[in-house]
Amino acid sequence: MSAYAARYIKPNDRLTSFERLEIYNRQYWFRVLDSMAQDFPGLRAILGQRRFDGMCRAYLAECPSRSFTLRNLGARLETWLRRNPQWIRGKQSLALDMVRLEWADIEAFDGEAEPALHPEDLSGSSVPTLRLRVQPYVQLLELQYPVDDLALEVRHSEDTDFTSNVLTENRKSVKIQTIAALEPKQIFLVVHRIDLSVYFRRIEREEFLLLSVLRRGKTIARAIDLAFQRSSISEFDRGGYVRNCFQTWATLGWFCRPQKNARGEKVREK
Amino acid sequence: MPKNRFNGFTNYEIGIGLRAPHYEHILSRKPVVDWFEIISENFMIDGGRPLHVLDQILDQYKVVQHGVSMYFGSAEKPNREHLRRLKQLVKRTNTPWLSDHLCWGSVDGRYTHDLLPMPYTFEAARITAQKVREVRDFLEIPIAVENVSSYAEFHVSEMTEWEFLNEVVERADCGILLDVNNIYVSSQNHNFDPFTYVNSVPAERVAQIHIAGHSKFKKYILDTHDHPVLDPVWKLYERAIQRAGHTATLLEWDDSIPSFQEVHKEAMKANRFLAETTLAVAV
């Protein structure tokens with residue numbers, strides 16, 4: 001590498017060609033590793049600093065940035081980890097769940113928000129055949145571990161780490177204990193925002209299915225059909241359940257106002 | 001402040017880089033600041049808090065856009081998606097001019113997120129100037145290119161850095177964002193007289209000036225933007241405004257960011273030199 005650097009870069013009176021090139025190399029890795037650590041603090045807590053750094057270096061060597069912004073640096077991490085499970089051996093499901101949650105957090109933070117649906121937008125509509133669009137920033141996750149709690153614990157500990165060394169040690173200990181004690185438990189999670197802050201909201205399986213099916217562009221009737229397959233909610237209770245769900249989601253602004261066609265008409269189900 | 005076609009015929013004074021740790025202070029206290037410089041890439045997003053904050057800032061302040069990833073010196077064509085998003089932001093901010101760096105940093109669509117130095121060749125100047133023109137034509141606003149700090153020089157270079165800068169801006173007919181801290185850092189790393197650089201720049205093309213702090217290491221100086229401006233940089237700044245006149249000036253402070261008041265106080269030190277220049281012109 002020294003000979004290669006010398007072919008292109010001039011030495012000066014203090015540094016060889018390689019040493020000058022090395023300044024850029026060090027800065028590159030400092031920048032991208034710092035960005036990954038900021039975006040995936042939960043994964044770093046699960047893997048430990050050394051393994052996390054090694055994993056990031058391997059990931060970035062195979063998946064270097066293809067975006068003008070560092071914001072997208074971790075966009076391919078989940079896919080890459082599925083192809084390279086040796087980096088998360090022994091903690092595969094937990095680590096993948098955390099990556100998905102932390103990436104969803106990024107998407108929810110600055111994702112697009114369309115004008116929210118208001119009741120008057122639906123006047124005259126046939127509800128069963130409506131196709132409601134879920135806000136682009138709303139992220140739906142089905143997870144095998146309750147990593148939302150862990151992510152919040154890690155962030156809380158990092159927010160307070162600077163106060164004293166003693167506290168740092170205590171927090172690290174809490175973090176390790178939290179990870180060690182985490183048992184698998186399926187959860188359904190919505191990562192969304194209220195007043196521009198990102199929140200995690202646990203939902204039930206049926207809610208998750210309803211929202212997921214609606215996001216795929218299906219009608220409300222179809223979403224309800226699919227959501228209650230193998231559901232433990234009795235048929236008698238389903239009407240009220242669905243009403244409550246839609247009321248809550250509409251209040252949270254999770255649905256977009258219907259799109260209009262070129263003539264300003266609402267796009268309706270044929 | 002000199003109005004010219006490279007700064008959109010504006011007369012902006014001293015500005016401050018808009019940084020997230022200061023959002024709350026700025027929005028709640030509404031400090032007197034002539035203008036804010038934003039990093040364009042931080043706001044080339046679809047929604048959420050950053051754009052909400054930007055809109056609130058735009059309600060009360062003038063904003064100028066500064067980019068870090070256009071890579072005028074990279075061989076590839078400008079990324080159309082990048083340009084489209086940038087133009088959306090330009091329409092939002094009404095920035096009177098837009099700056100980015102005279103450097104390269106991407107190859108075949110892979111980004112280093114660094115400001116890499118260029119080989120100072122005529123061919124590189126031609127390609128870079130062409131790209132600056134393309135970006136300006138697409139965005140329909142004046143472009144200013146910023147000299148970067150560097151730690152390496154290439155054997156193939158055919159001219160000095162300031163000759164290269166002049167070659168590019170003449171060919172592109174664009175403005176200059178003169179970063180006097182970067183000139184100082186590079187002068188120490190490459191053993192040249194920074195005043196020769198400042199004295200060689202076409203003063204009539206200077207749209208904006210950057211000032212910043214840097215860090216000294218044993219064998220080189222690093223452009224860290226984490227300190228107050230050091231005396232040698234103020235001296236270069238003084239010389240720059242003697243030549244270019246009262247020019248829009250921006251303090252960059254990007255790491256170990258102190259309170260807004262401290263950054264503001266440091267930026268306002270530039271007034272001392274601007275006042276002296278005004279006096280000299282009057283006499």
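No lab work stands behind these numbers, since they all come straight from the coordinates. This structure is a prediction, so every number in the text was calculated from the model and none was measured. Glycine gets a Cβ as well: all are built from the backbone with ideal geometry, and neighbour counts include every protein chain shown.
Data for the structure
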item: In degrees, nearest ten, helix A:49-62 long axis to first principal axis of chain A (Cα); result: 80 degrees
item: Peptide A:109-117, shielding by other chains (average Cβ, 10 Å cutoff); result: 3
item: Cα extents of the range A:1-92 along the three principal axes, largest first (Å); result: 50, 28, 22
item: Global form of the range B:166-283, assessed from the alpha-carbon gyration tensor, a/c cut-off 1.5; result: oblate
item: Average other protein chain Cβ within 10 Å of Cβ, residues A:78-88; result: 0
item: For the range A:1-70 and the range B:113-156, distance of Cα centres in Å; result: 23 Å
item: Longest DSSP-loop-exposure-free segment, trypsin sites (Lys or Arg not before Pro), chain B, at most 16 other Cβ within 10 Å; result: B:6-217
item: Cβ-based exposure ranking for B:Val64, A:Val190, in which fewest neighbours within 10 Å come first; result: A:Val190, B:Val64
item: Sum of -39500 (n - 2.57) over DSSP H runs of 4+, divided by residues of the protein assembly as shown (222 nm, nearest 500); result: -15000 deg cm²/dmol
item: Per-selection metrics, the protein assembly as shown (Cα): Rg and Dmax in Å; result: 26.8, 91
item: Approximate shape of the range B:41-134 as ellipsoid semi-axes (Cα gyration tensor, √5λ), whole Å, largest first; result: 28, 14, 11
item: Whole-number D in µm² s⁻¹ for the range B:14-282, Kirkwood Cα-pair radius fed into Stokes-Einstein, 4 °C, 1.567 mPa s; result: 68 µm²/s
item: Cross-link table A:Lys10/B:Lys131; B:Lys77/B:Lys131; A:Lys10/B:Lys219; B:Lys30/B:Lys87; B:Lys216/B:Lys265; A:Lys10/B:Lys77, entries beyond 19 Å C-alpha to C-alpha; result: A:Lys10/B:Lys131; B:Lys30/B:Lys87; B:Lys216/B:Lys265; A:Lys10/B:Lys77
item: Cα-based shape type of the range B:1-64, given that a ≥ b ≥ c are square roots of the gyration tensor eigenvalues and the cut on a/c is 1.5; result: oblate
item: Inter-chain shielding of B:43-52 (mean C-beta neighbours from other protein chains, 10 Å cut-off); result: 6
item: Ranked B:His210, B:His190, criterion: other C-beta atoms within 10 Å, fewest first; result: B:His190, B:His210
